[in-house]
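In what follows, a structure is listed as structure tokens, so that the remarks can point back to it.
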Amino acid sequence: MDLSAFDLKGKVALITGGAHGIGFSIAEGMAKCGATICFNCSSEASLEKGLAAYKAAGIDAHGYAADVSDEDAVNAMVAKIKAEVGPVDILVNNAGLMKRVPMLEMSHADFMRVIDVHVGGAFNCSKAVLPDMMEKHEGKIINICSMMSELGRGPNDDSLFPPLAAVIIVAPKGRAIGRPGRSELDEKSTISR
């Protein structure tokens, strides 16, 4: 397959939740297009498994364990990536966790943990990489969310996912970043395209 239209040579891609599953598959595709892959996961155990999976796939990936819901941990991770690999050109906010219980049985603490990882994590990671993207007037942020945002399964299953995923879908639609009345992401910038 000719991937020349998707040339990512020279680009650093950070995929959160990229040790396995959808995140790994996204990273694998980006690596085939020439991107330097950095992936994030939440634990050292996942990090080791992820590094082994990338090695088995023939991908020289850089792995970083950090809780995306922890702003300080995310800032430290992004700074480490910048020092070791370079500034992030492409961010894929893919990290998530599943609490597959009926809404009426889910505790408020469990619900807030899901929100913190899915929504807070996307916010923290985007905020951490934006300064370098804005300085270069170039970059991409891709937010991944569950198809349950469109479908839902009703009150007896994953009923929290439609409103949660809707937040992830709608939040990035706003273009203004920074001072009120001034859009940092103007038509000259590829960040918003």
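The values are calculated or read from the model by the stated rules, or taken from the named source; none is laboratory data. Everything quoted here is computed from the prediction, not taken from an experiment. Heavy atoms of the whole protein, side chains included, go into the accessibility calculation; ligands, DNA and RNA do not. Shrake-Rupley method; radii C 1.70, N 1.55, O 1.52, S 1.80 Å.
Points worth noting:
- Among 16, 36, the order of accessible area from largest down is 36, 16, computed with a 1.4 Å probe on protein heavy atoms.
- Residue-level accessible surface for residue 54, protein heavy atoms, 1.4 Å, Å²: 0
- Computed over protein heavy atoms with a 1.4 angstrom probe, the accessible surface ordering of 123, 111, largest first, is 123, 111.
- Computed accessible area, residue 135, all protein chains, 1.4 angstrom probe, square angstrom: 150
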